[in-house]
Amino acid sequence: MIKRTASFRGLLLRVASSSFPSKSGVRRGCASQASAVQRMIEPSPYSEDEYADVDWDNLGFGLRPTDYMYINKCEDAEFGQGQLSPFGNLKLSPSAGVLNYGQGLFEGTKGYRKENGHILLFRPEQNALRMKIGAERMCMQSPSIDQFVDALKQTTLANRRWVPPPGKGSLYLRPLLIGTGPVLGLAPASEYTFLIYASLLEGTAPLNLYVEEDFDRASRRGTGGVKTISNYAPVLKAQTRAKSRGYSDVLYLDSATKKNLEEVSSCNIFIAKGKAISTPATNGTILAGITRRSVIELACDHGYQVDERVIQVDELVDADEVFCTGTAVGVAPVGSITYQGKRMEYKTGSGTICEELNATLIGIQRGIIEDKKGWVIEID
């Protein structure tokens, strides 16, 4: 039986008491907000110690709805008190900014269960910061870093029975920021909704990539460097075509010269030769991945020389290893890359740099390796 040191109900009671001041400092609307929190802390129908009915050895990466989601709306200058509700559909105006003009951002992070039953989040403040940067670029209101992190904690604890047993995977958390206010002419939305839902996630097999030359992922001075939803639908055509030919995903080149590596559809890429590791510099067209930054720091700690630079596609021929990084994939080995009809194969498995860095990263995320960098937040 898993011992709990902080129950879901207890967390929400603390949120309620800290969110609503005494009579001398009551804000307008506090009564209705307080009643919403009271509804929010109704007992869960599930035992605090039970696991969901899941085959934990065969998770995969697909949507598996969990119990609760978090929702917070901003109609004025800032977000107020959000609340948890059962996972379900949203009601949107047909003229919502996200539907008409793609005004939206998303993030991804994970929750892991330690051997003692407590739950860990990995660098959530970095996701919050990246969302704020993206929101500024997309002319959107965004939650504060504290609001973002607190919402992640609430959502994770509300769905704690879906956090896999130690070593069996992770709970994937998807924060979204979308323009829900109605607009007709091209303009920022008048209302924004910040929400978080959760699903289950397991690792991936080695990737085999196809270098795409007909389509671009991003262009200079565009939005390739922020995690806007509008970056992702355009890659589906190339990705679908590559998968129909037996490849896992697409590796994109820069739109200006078609000679330099950028990133895969939804993750960053690294190449390794001896003790030297290189990854494309984040120059505005490449997303500054949180796993990417973490792996760079860990590689330096392990004595590797890491360069963030322009990497020409021709350098793939001489690489010993290639691997990708991202929230969903972790540190994933690339078994092969095909470019202009030539297939190049790389080392994978035991004894590789990829395996070494992935083991260290996962060890920190799961609480097996001491976190000396302050990356992990223990919430239960």
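The values are calculated or read from the model by the stated rules, or taken from the named source; none is laboratory data. All values derive from a computational prediction rather than experimental measurement. Quick reminder, even Gly has a Cβ in these numbers, built from the backbone with ideal geometry, and neighbours come from all protein chains shown.
The table for this structure:
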{"read-out": "Matching option when the condition is modelled with pLDDT under 75 and either surrounded by 14 or more Cβ atoms within 10 Å (Cβ to Cβ) or not assigned by TED's automatic domain parsing to the domain that holds Y192 (or both), among A52, A16", "value": "A16"}
{"read-out": "Residue list for region 110-125, restricted to those being within 23 Å of E50 (Cα to Cα) and in contact with a strand residue (DSSP E or B) (Cβ under 9 Å, 6 or more places away or on another chain)", "value": "K110, G111, Y112, R113, K114, H118, I119, L120, L121"}
{"read-out": "Flag if R221 is modelled with pLDDT under 95, under 30 Å from Q312 (Cα atoms) and not assigned by TED's automatic domain parsing to the domain that holds G62", "value": "yes"}
{"read-out": "All positions within region 340-360 that are touching a helix residue (DSSP H, G or I) at 6+ places or on another chain (Cβ under 6 Å) and in contact (Cβ under 8 Å) with a residue 40 or more places away in the chain", "value": "L357, T360"}
{"read-out": "Residue match in region 90-110 (condition: under 22 Å from the mean Cα position of the chain (by Cα), polar (S, T, N, Q) and not in a strand (DSSP E or B))", "value": "yes"}
{"read-out": "Pairs, first under 13 Å from T180 (Cβ atoms) and assigned by TED's automatic domain parsing to the domain that holds L176 in region 72-93, second assigned to a strand (DSSP E or B) and of a type in the set (D, E, K, R), C-beta under 9 Å, six or more apart", "value": "F79/K73"}
{"read-out": "Region 111-133, residues that are under 30 Å from S230 (Cβ atoms) and assigned to a loop (DSSP other than H, G, I, E, B)", "value": "R123"}
{"read-out": "Top-ranked residue in region 321-335 [being at pLDDT below 95 and not small (G, A, S); ranked as nearest to G274 (Cα to Cα)]", "value": "V329"}
{"read-out": "Qualifying residues in region 330-359 (those that are among the β-branched types (V, I, T) and closer than 21 Å to V313 by Cβ) - the one farthest from the chain's Cα centre (by Cα)", "value": "T338"}
{"read-out": "Residue in region 319-329 that is within 25 Å of A242 (Cβ to Cβ), of a type in the set (G, A, S) and over 22 Å from the mean Cα position of the chain (by Cα) present", "value": "yes"}
{"read-out": "Unique residue being assigned by TED's automatic domain parsing to the domain that holds G111 and surrounded by fewer than 21 Cβ atoms within 10 Å (Cβ to Cβ) when the list is L152, L184", "value": "L184"}
{"read-out": "Residues within region 253-273 that are in contact with a Phe, Trp or Tyr (Cβ under 9 Å, 6 or more places away or on another chain) and more than 24 Å from T109 (Cβ to Cβ), tallied", "value": "3"}
{"read-out": "Strands (runs of 3 or more DSSP E) contained entirely in region 271-372, each with at least 2 residues that are in the same structural domain as K243 (by TED's automatic domain parsing) and closer than 27 Å to G167 by Cβ", "value": "321-326, 330-339"}
{"read-out": "Filtered residue count, region 219-268, keeping only those that are over 23 Å from the mean Cα position of the chain (by Cα) and among the hydroxyl-bearing types (S, T, Y)", "value": "4"}
{"read-out": "Lone unmet requirement of (1) within 26 Å of G62 (Cα to Cα); (2) over 13 Å from the mean Cα position of the chain (by Cα) for A128", "value": "(2)"}
